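Written below as structure tokens is the structure these notes are about.
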Amino acid sequence: MHIEVLLIEDSPGDVRLTQEVFRDANPSIRLHVACDGLEAMAFLKHEGSQAKAPRPDFILLDLNLPKMDGREVLACIKKDESLKTIPAIVLTTSHAEADILKSYQLQANCYLTKPVQLDEFENVVKSINDFWLKKAKIPQQV
Amino acid sequence: MKSTGAPLSVEASASARKAADRHLAWMEGGYHGLLEAAPDAMVVVDRSGVIVLLNAQAETQFGYRRDELLGQPVTRIIPAGFAERLIADDLRSASEALAQQIGTGIELTGRRKDDSEFPIEIMLSPLETAQGILVIAAIRNISARKAAEQTLMDMVSELNRSNEELSQFAYIASHDLQEPLRMVASYTQLLSKRYKGKLDADADEFIAFAVDGANRMQRLIHDLLAYSYVGTKGKDLVIVSSEEALGEALRNLQVAIQESGAVVTHGVLPNVLADAGQLTALFQNLVGNAIKYTNKENPVIKISACPDVDSKWRFSVQDNGLGIDEKYFKIIFSMFQRLHKRDEFAGTGIGLAICKKIVERHGGAIWVESQPGYGSTFHFTLPATA
């Protein structure tokens, strides 16, 4: 049984790093990547070439994205009756109080910052895996 | 006085002239010479704002001949701010006016015959005469002073702007450097983790240097940000217990204190005007250094405070560590200055620069007294509570 995770992230270095660290943490995770907000919404709404995209169990998103930024994506997800139940976690480099506040106002399920050190990032991913993907009970498809 | 340029009616002008003549006659009894000898332009006006007397300096200053100004409204040479004052003075008695106006310099604008304007300072003194109250105005051209003031203000604002720009630069540089550095650090660490011992000895060594370099750069950027935060993210100075701030610093240093076996003692410490977070950082840096730069089994560190001049407290952090040679007393407070090789003592050399910036932001000073081999005492001053 695969766990489907949608990663919304535009930096290739971060995408690859997240893939590597998630693979080490839990091999049954299937990480899907959207490089901007529009791609992410197409994936979530099964539009165009994404018609067969699976419904993610979990969404990880960066705040600063091209075309449609992370805050807008978050707002769209949390306004959508079907998508709003998917845990959406902000994973960003921003430590700004305004970004943290805005994210929770938009109903982000959690706000995490990208640590500078690899081992700390591994710990963050391990925590996500242990808590959100293993311990937390989340509703199945609605 | 409404119109500034129009001459008075013939009768009014004639009567003013008459009054002036009478007054001049009275002045001739000794005062006239005094008026002419004054270093400033002197203009005497009556209560309706008509010029009744002036000296040669006034002629030169405003570019008129004496007879061109006598009987004319004072607004001709001082368009605004003077005549209004005379009218307001109608409401006051002569003695009140006298009390209020003597010695008060008012900055206004003077206008010459050719319509050019220049900044003036005038001093008013009411004079009771048989003809009623007259007002003597001593008028000084303050163009040079104004120009100097403007130059000074321009320099101050330029200095502020460049300081602001510098602190923005430090913040943006260190903040934006973190992104690419995170990539370098993460991937070299990933390389090291995945491939250590799987390539050859050279590869392991190269990767180790890359990882170490990235780590050091991260510490530098972290410290540079901390340094720039002292100015940009500082809080207002409020009444703070320095003893509590020290307590917080010692809690943060708990592990280092335990590992070193250091004995840290302090007496009663006062309340001061400070940013609590920065005061904690200050103690933490100084006590942390005292623990770090030692060759003793059990470093002993004493913190004390005593009243200093100018409503300040002088704090002292004394250790029995390595001590510092006098020639380094100043340089240790500069950014990225280290007295030791990296493998002797870790650190970026920014701690004391941060201390200096914190103390100076509080209007205090920081310095060190030391003798190599006999420990060091760092002193700093902070404002006392009012």
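Observations
- For chain B, the longest principal axis of the C-alpha atoms and the axis of helix B:276-292 are separated by about 40°.
- Oblate is the label for region B:147-289, because the ratio a/c of its alpha-carbon gyration tensor axes (a ≥ b ≥ c) is 1.5 or higher and a/b is not greater than b/c.
- Compared with the alpha-carbon gap, the fully stretched path from B:His222 to B:Glu369 is longer by 50.0 nm at 0.36 nm per residue.
- Solvent-accessible area per residue for chain B (1.4 angstrom probe, square angstrom): 55
- B:Met153-A:Lys135 pseudo-label distance in nm [points 7 Å out on the Cα-to-Cβ vector]: 6.3
- Taking B:Pro73, B:Pro39, B:Pro307 as the candidate residues, the one with maximal mean-square fluctuation in a Gaussian network model of chain B, Cα springs under 10 Å, is B:Pro39.
- Cut-off under 5 Å, modelled amide H: who pairs with B:Thr129 long-range: B:Leu134
- Long-range HN-HN contacts of A:Phe58 with modeled amide H, under 5 Å: A:Leu6
- Rounded FRET efficiency, nearest 0.05, which uses the C-beta distance separating A:Lys84 from B:Ser167 and R0 of 35 Å: 0.25
- Pairwise label distance in nanometres, A:His2 with A:Lys67, each label 7 Å out on the Cα-Cβ vector: 2.2
- In the context of the full protein assembly, B:Asp310 retains an accessible surface of approximately 120 Å², using a probe radius of 1.4 Å and ignoring ligands and nucleic acids.
- In region B:180-206, comparing the full protein assembly with the chain on its own, the residues that lose 40 Å² or more of accessible surface at a 1.4 Å probe are B:Arg182, B:Met183, B:Ser186, B:Tyr187, B:Gln189, B:Leu190, B:Lys193, B:Arg194.
- To put it simply, the accessible area of the protein assembly as shown at a 1.4 Å probe is 55 percent carbon and sulfur.
- FRET efficiency for the B:Glu68 to B:Ser334 pair, using the beta carbon distance and R₀ = 51 Å, is estimated at 0.20.
- Nearest 10 degrees, 0 to 90: helix B:143-195 Cα axis against chain B principal axis: 20
- In this simple spin-label model, placing a label point 7 Å from the Cα along the Cα-to-Cβ direction at both B:Arg112 and B:Arg47 gives a separation of 3.6 nm.
- When its C-alpha radius of gyration is set against 2.2 N^0.38 Å (N residues), chain A gives a value of 0.97.
- Cross-link partners for B:Lys302 among the lysines, with Cα-Cα distance under 21 Å and sequence neighbours closer than 8 places in the same chain left out: B:Lys292, B:Lys312, B:Lys356.
- For the pair B:Glu259 and B:Asn298, the difference between a 0.36 nm per residue extended length and the Cα-Cα distance amounts to 13.0 nm.
- Computed over the protein assembly as shown, the convex hull of the alpha-carbon atoms projects to a mean area of 43.3 nm².
- Here B:Phe206 and B:Glu179 are evaluated by their C-beta separation; at R0 = 25 Å the FRET efficiency comes out at 0.55.
- Evaluated at q = 0.06, 0.14 Å⁻¹, a Debye calculation over the C-alpha positions of chain B (equal weights, vacuum) places log10 I(q)/I(0) at -0.52, -1.13.
- Chain B and chain A together bury an accessible surface of about 1200 square angstrom, both sides counted, with a 1.4 Å probe and no ligands or nucleic acids included.
- Solvent accessible area, Å² - B:Tyr195, 1.4 Å probe, full protein context: 100
- Cα-based helix-to-principal-axis angle, B:351-361 vs chain B, degrees rounded to 10: 20
- Per residue, in Å², the accessible surface of region A:41-133 once ligands and nucleic acids are set aside, probe 1.4 Å: 47
The values are calculated or read from the model by the stated rules, or taken from the named source; none is laboratory data. Not measured: the values here are computed from a predicted model. We place every Cβ from the backbone using ideal geometry, glycine too, and count neighbours over all the protein chains shown. SASA here: full protein model, heavy atoms, side chains in, ligands and nucleic acids out. Shrake-Rupley method; radii C 1.70, N 1.55, O 1.52, S 1.80 Å.
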